[in-house]
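A short worksheet on the structure shown next.
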Amino acid sequence: MLILGVESSCDETAAAIVEETGAPDKPWRVRSNVIASQVALHREWGGVVPELASRQHLRDICGVLEQALADAGAGWRDLGAVAVTQGPGLVGSLLVGLQAAKSVALSLDLPLVAVHHLAGHIESLILHNGPLPLPAVVLVVSGGHTSLYLMPADGEYRLIGRTRDDAAGEAYDKVAKLLGLGYPGGPVIDRVSKGGNDRAYDLPRFKITHKDRNPGPAGVRPPGFEKALEHRADFSFSGLKTAVLRLVQARDGRPFSEPEMADLCASFQRAVVDALLTRTFEAAGWFGAKSIGIAGGVSANSRLRADAVARGEQAGVPVFVPALSLTTDNAAMIAAAGLRKLRAGVTAGWDVNANASLPIG
Ligand code: KG4
Ligand code: ZN
């Protein structure tokens, strides 16, 4: 069975065809994965401009859908279902993909599946690696989100931690802007960091002093301990961004030399990666996770990938990441999450609407 996935929640217009293989170790196979990126359009503004994004989605969507079919060597009549991102995201952007998907499903009389964008990022892990050992703790880290999920069973996602302020990718983008490195910041900082001294600048790690951070001695698990642990797995990145701002202000307009810039980027990257992995591995311990997954745009980061695997080997917990092509927003992950829901018997009605702040589940 072939499913068409459609994604337009932010600044990528994407369509993909995913095949259901029936193989237990690799249930889904990517047949095509087409992305029309709007990065060049938004670069001049230093971030995504919602109105420009939705207008560009409108221009691109039909061509992207046709390309996805052509790349898969398939025709409209070969499709068995349509999956689309319902939210969260920019509502004007979401609407374009949703209406396109509805039109395809209605005209071909196919089931329509509405997918949560972050469920898509989580399922990108299974699309690339096959089923994860469960329970798994999954970090979704992107420009819009930094969230930790506990996956007790396939298709079940429980939010156990999230950022209290900026997402990690947002911190990358804002710091790159501060340093005059351009947009999007993640790939540039990743590149500039290479060869830098990651200990040259001592940047702060967040400390969350919520009362639930210390609910009792380790190993003691009172009734409701899972609830208390949920508060302990939160992130914060705004302090780190402010620390970089202070460093820039202290220079009084004096530019950073190339080696200084490499040192600063490497130090910033070390702080972000350290914060992400420390919390993720702590949570994996608390919840007895048999595996860890890391997905979303920032999971393309070379240091995050390398350090995660190294820490996993040390801790004896396997770490899974998606293929690079499945890290940033794409529709193959939406198709995979759609197949999961379809097989669980969940489809959407024709009245399904875009939801900018859709809860997972
Ligand atoms: O998942 P995604 O495409 O969109 C959202 O759902 O937000 O993630 C985009 C984010 C951007 O903030 C971008 O700077 C970041 O992912 N990113 C990276 C890297 N590649 C993309 N961050 C760090 N290192 C990278 N190599
Ligand atoms: Zn995303």
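Values for this structure:
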read-out	value
Matching residues in region 76-97 - criterion: being closer than 13 Å to Ala16 by Cα and either open to solvent by 30 Å² or more (accessible area, probe 1.4 Å) or in contact with a Leu (Cβ under 9 Å, 6 or more places away or on another chain) (or both)	Trp76, Leu79, Ala81, Val82, Ala83, Val84, Thr85
Meets criteria (farther than 30 Å from Gln86 by Cα, in contact with a strand residue (DSSP E or B) (Cβ under 9 Å, 6 or more places away or on another chain) and in contact (Cβ under 8 Å) with a residue 60 or more places away in the chain) for Lys290	yes
Residues located in region 306-326, provided they are under 26 Å from Ala36 (Cβ atoms) and part of a helix (DSSP H, G or I)	Leu324, Ser325, Leu326
Filtered residues of region 312-361 (kept if in contact with a Ser or Thr (Cβ under 9 Å, 6 or more places away or on another chain) and of a type in the set (Lys, Arg))	Lys341
All strands (runs of 3 or more DSSP E) inside region 1-42 with 2 or more residues being surrounded by fewer than 22 Cβ atoms within 10 Å (Cβ to Cβ), within 17 Å of the chain's Cα centre (by Cα) and within 16 Å of ligand 1 (Cβ to nearest atom)	28-37
Pick from region 315-353, criterion open to solvent by 20 Å² or more (accessible area, probe 1.4 Å), among the small types (Gly, Ala, Ser) and away from ligand 1 (no atom under 14 Å from the Cβ), ranking: nearest to Glu156 (Cα to Cα)	Ala344
Matching residues in region 156-177 - criterion: being farther than 16 Å from Asp234 by Cα and open to solvent by 70 Å² or more (accessible area, probe 1.4 Å)	Glu156, Lys174, Lys177
Checking Gly46 against (1) farther than 17 Å from Gly338 by Cα; (2) open to solvent by 20 Å² or more (accessible area, probe 1.4 Å); (3) at pLDDT 95 or above; (4) of a type outside the set (A, V, I, L, M, F, W, C), the condition it does not meet	(3)
Among the candidates Asp263, Asp307, residue that is within 15 Å of ligand 1 (Cβ to nearest atom) and either more than 21 Å from His117 (Cβ to Cβ) or modelled with pLDDT of 95 or more (or both)	Asp307
Subset of region 104-155 [open to solvent by 30 Å² or more (accessible area, probe 1.4 Å), touching a helix residue (DSSP H, G or I) at 6+ places or on another chain (Cβ under 9 Å), over 22 Å from Arg29 (Cβ atoms) and without any contact (Cβ under 8 Å) to a residue 40 or more places away in the chain]	Ser107
Test: residue in region 256-274 that is open to solvent by 50 Å² or more (accessible area, probe 1.4 Å), within 16 Å of ligand 2 (Cβ to nearest atom) and outside any loop (DSSP other than H, G, I, E, B)	no
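The values are calculated or read from the model by the stated rules, or taken from the named source; none is laboratory data. Being a predicted model, the structure only gives us computed values, none of them experimental. Cβ: placed from backbone, ideal geometry, glycine included. Neighbour counts: every protein chain shown. Side chains are part of the model used for accessible areas, which takes the heavy atoms of the whole protein and leaves out ligands, DNA and RNA. Shrake-Rupley method; radii C 1.70, N 1.55, O 1.52, S 1.80 Å.
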